[in-house]
Amino acid sequence: MTLGVNIDHVAVLREARRVNDPDIMMALYTAVQAGADQITIHLREDRRHIQDIDAQKIIASSGVPVNLECSVNQGILDIVCDLQPHRATLVPEKREEVTTEGGLDIFKNEDEVARAIEQLHDSLIPVSLFVDPTKEAMQQSKELGAEMVELHTGEFANLFAMLNSSLSHSNHSIKELELPRYELASRLEKSLIALQESAKYAKELGLEVAAGHGLNYINVKHITAIKEISELNIGQSIIARSVFTGLDAAVKEMKRLVGA
Ligand code: PXP
């Protein structure tokens with residue numbers, strides 16, 4: 001299983017002060033040196049972290065493939081086609097959200113997604129779709145012509161955190177998941193089964209399977225156990241740990257957990 005390190009969060013810190021520190025290029029070189037198999041960045045419409053110049057420099061200098069996440073917004077897609085990343089991952093985007101919540105709705109936005117895939121393919125960029133783990137989404141991803149799906153692990157991660165960490169006692173407790181422990185455990189099991197079954201089905205359809213969102217040093221073992229998943233994209237937990245250990249050690253430890 002390969003590890004894509006999402007370095008957006010380094011740019012979040014930089015943009016908080018609107019200075020050029022921490023240097024995103026140092027993050028790129030350190031993560032690659034520490035064993036990242038891929039670098040993942042998200043060029044958001046509101047440019048809240050990664051800027052166009054960052055994406056340009058990262059794609060031009062990365063020693064490993066760059067997975068560029070983007071929305072189906074036409075202006076953004078034109079930029080992505082010019083940037084020529086190794087892969088584009090289409091994700092949903094809402095300005096008011098803190099991070100990407102939920103997978104891309106490839107049913108309601110079918111025509112837009114189909115057009116985006118066609119444009120990216122015309123520019124010879126392979127496409128992954130960041131979708132919720134359902135069989136219907138796997139089938140639809142295949143029919144839309146994507147090469148890969150990235151299974152959204154956010155629901156799994158939220159349930160895991162509410163059940164197994166102090167999150168429920170904090171200011172960031174997830175209100176809709178303030179449930180009895182047996183209910184959380186049952187939902188967690190269902191969310192893992194959905195990930196397992198979706199990964200298996202996607203693979204049978206000939207899709208490559210990635211997963212990501214909310215994965216950390218504790219919950220990741222449940223996802224690495226799903227053998228059809230070949231890639232994980234992880235950001236927040238690695239950058240958070242790097243504050244205390246340095247990025248090199250944080251990437252190395254995650255790489256060890258994710259496996260060769
Ligand atoms: N994969 C996708 C498609 C994402 O949008 C994100 C969040 O930017 C991630 C993976 C990484 O999520 P996290 O930062 O929670 O590890």
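The values are calculated or read from the model by the stated rules, or taken from the named source; none is laboratory data. Just so we're clear, the structure is a prediction, and the values are computed from it rather than from any experiment. Backbone-built Cβ (ideal geometry, glycine too); neighbour counts: all protein chains shown.
Points worth noting:
- Pairs with Cβ under 8 Å, 6+ apart, first in the stretch 232-248 and on the phi < 0 side of the Ramachandran plot and modelled with pLDDT of 95 or more, second within 9 Å of the ligand (Cβ to nearest atom) and assigned to a helix (DSSP H, G or I): G235/D8; G235/H9; Q236/H9; I239/H9; A240/H9; L247/I238; L247/I239
- Taken together, the residues in the stretch 35-53 that are touching a Lys or Arg at 6+ places or on another chain (Cβ under 9 Å) and either β-branched (V, I, T) or in a helix (DSSP H, G or I) (or both) amount to 1.
- Apart from one condition, L129 fits all of (1) in contact with a strand residue (DSSP E or B) (Cβ under 7 Å, 6 or more places away or on another chain); (2) surrounded by fewer than 23 Cβ atoms within 10 Å (Cβ to Cβ); (3) at pLDDT 95 or above; (4) not aromatic (F, W, Y); the exception is (2).
- Entirely in the stretch 67-154, the helices (runs of 4 or more DSSP H) that have 1 or more residues that are closer than 21 Å to I193 by Cα and in contact (Cβ under 8 Å) with a residue 60 or more places away in the chain: 135-144
- Filter result (in a helix (DSSP H, G or I) and touching a residue at least 40 places away in the same chain (Cβ under 8 Å)) within the stretch 192-212: A194, L195, E197, S198, A199, Y201, A202
- Options R187, R181; residue that is closer than 13 Å to A157 by Cβ and away from the ligand (no atom under 16 Å from the Cβ): R187
- Criterion applied to V12, V32 was being away from the ligand (no atom under 14 Å from the Cβ) and either surrounded by fewer than 19 Cβ atoms within 10 Å (Cβ to Cβ) or part of a loop (DSSP other than H, G, I, E, B) (or both), and the one residue passing it is V32.
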